[in-house]
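The values are calculated or read from the model by the stated rules, or taken from the named source; none is laboratory data. This one's a predicted model, so the numbers in the text were calculated from it and none came from an experiment. Virtual Cβ from ideal backbone geometry, glycine too; neighbours counted across all protein chains shown. Side chains included, ligands, DNA and RNA excluded: accessible areas come from the protein's heavy atoms. Shrake-Rupley method; radii C 1.70, N 1.55, O 1.52, S 1.80 Å.
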Amino acid sequence: DAKTTQPTSMDCAEGRAANLPCNHSTISGNEYVYWYRQIHSQGPQYIIHGLKNNETNEMASLIITEDRKSSTLILPHATLRDTAVYYCIVRVVNSGNTPLVFGKGTRLSVIA
Amino acid sequence: GAVVSQHPSRVICKSGTSVKIECRSLDFQATTMFWYRQFPKKSLMLMATSNEGSKATYEQGVEKDKFLINHASLTLSTLTVTSAHPEDSSFYICSARVSVAGVSRYEQYFGPGTRLTVT
């Protein structure tokens, strides 16, 4: 899997949009961008994934640049419960046994 | 759907004893399950890949005789930490891939984790 680079930490005011960047300059054409988050002392939670088009679900939006070398996860209205470590992972989507490999992620602190 | 449970959620054991952690996929079948370990303020580290009915595949540096993995059914995998020592104290997280007609799909779901403290 290609390596990703994320800022170590970010702060966001409650109610504002949280924009979490991720660089994946060596991403391959068949690799998807996945985002997971981990709230303290819990298992990781899936947020969203995409290949090249922007994606949106009930939790977040994913904006992928045209060259696919970077992406941004957007939490439109951050709440205190969104405080967590956010992991950006790139991986090939297949039916094999390749597990998710986690980097260091970004620690997002939502401040009241 | 796609719920993964772990039991126990936390356990304290004495040095030298063994501890078994269960991971269950509650509403789907999982041919493949993964075990991760996480130390405080660190990221998740993959320990092993567990396939139903076969031996687990361990990552480099993980002792297979110390961390025994059994995946006897499509909904249950167990991790046994044998002869536990204080340095084994960690947060253990399992994850399962959804299987359809015996083939693992890419979706990977995580359990809530088990906090092991060895005294």
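Kindly flag which residue pairs out of A:Lys3/B:Lys14; B:Lys14/B:Lys41; A:Lys3/B:Lys41; A:Lys69/B:Lys64 have an alpha-carbon separation exceeding 27 Å in this structure. Before the final figure, lay out each step's value.
Details: A:Lys3/B:Lys14 39 Å; B:Lys14/B:Lys41 24 Å; A:Lys3/B:Lys41 20 Å; A:Lys69/B:Lys64 38 Å.
Over 27 Å apart, Cα to Cα: A:Lys3/B:Lys14; A:Lys69/B:Lys64.
Would chain B count as rounded, prolate or oblate if I go by the C-alpha gyration tensor, calling it rounded below 1.5 in a/c and otherwise prolate when a/b exceeds b/c, oblate otherwise?
Prolate.
Which aspartates and glutamates have a Cα lying under 16 Å from the Cα of B:Lys55, excluding residues fewer than 8 positions away in the same chain?
B:Glu63, B:Asp65
In debye, nearest 20, what is the charge dipole magnitude of segment B:1-77 about its Cα centre with +1 on Lys and Arg Cβ and -1 on Asp and Glu Cβ, if you could check?
So the magnitude is around 380 debye.
Which ³J(HN,Hα) values in Hz, rounded to whole numbers, follow from the phi angles of segment B:11-27 under the Karplus curve 6.51 cos²θ - 1.76 cosθ + 1.60, where θ = phi - 60° and Gly and Pro get x?
8, 10, 9, 8, 4, x, 8, 10, 10, 10, 10, 9, 10, 10, 8, 7, 9
For the protein assembly as shown, what does the equivalent ellipsoid look like in terms of its semi-axes, each the square root of 5 times an eigenvalue of the Cα gyration tensor, given largest first in whole Å?
Each semi-axis is the square root of five times an eigenvalue, giving 30, 21, 15 Å.
In percent, how large is the relative contact order of chain B, given Cα pairs closer than 8 Å and 6 or more residues apart?
Across chain B, relative contact order equals 37 percent.
Just need the relative contact order of chain A here, percent rounded to a whole number, with Cα pairs under 8 Å and 6+ apart.
The value is 37 percent.
If you take every DSSP beta bridge fully contained in chain A, what fraction is antiparallel? Give it as a percent rounded to 5.
Around 85 percent of the beta bridges assigned by DSSP in chain A are antiparallel ones.
Direction-averaged shadow area of the convex hull around the Cα atoms of segment A:26-84, nm²?
About 4.6 nm², averaged over all directions.
Each residue of segment B:59-65 in order: what ³J(HN,Hα) in whole Hz does its phi give by Karplus 6.51 cos²θ - 1.76 cosθ + 1.60, θ = phi - 60°, with x for Gly and Pro?
6, 4, x, 9, 7, 5, 7
Quick one: accessible area per residue over the protein assembly as shown, 1.4 Å probe, rounded to a whole number of Å²? Can you show the working numbers first?
On the way: 11600 Å² over 231 residues.
Ligands and nucleic acids excluded, the figure is 50 Å² per residue.
Shape of chain A from its Cα gyration tensor (a ≥ b ≥ c, root eigenvalues): rounded if a/c is under 1.5, otherwise prolate when a/b > b/c, or oblate?
On the way: a/c = 1.86, a/b = 1.52, b/c = 1.22.
Prolate shape, in that a/c is at least 1.5 and a/b is the bigger ratio.
Amide H neighbours of A:Ala78 under 5 Å, counting only residues 5+ apart in sequence or on other chains, H built in-plane at 1.01 Å?
Hits under the 5 Å cutoff: A:Gly15, A:Arg16, A:Ala17, A:Ala18.
Where does each of B:Thr114, B:Thr80 land when they are ordered by accessible area, with a 1.4 Å probe and the largest first?
On the way: B:Thr114 0, B:Thr80 25 Å².
Highest to lowest solvent-accessible surface, that is B:Thr80, B:Thr114.
Return the single residue from A:Pro44, A:Pro99, A:Pro76 with maximal mean-square fluctuation; model: Gaussian network over chain A, springs between Cα atoms under 10 Å.
A:Pro99
What is the dipole size for the protein assembly as shown, taken about its Cα centre, with +1 at each Lys and Arg Cβ and -1 at each Asp and Glu Cβ, in debye to the nearest 20?
Magnitude of the dipole: close to 400 debye.
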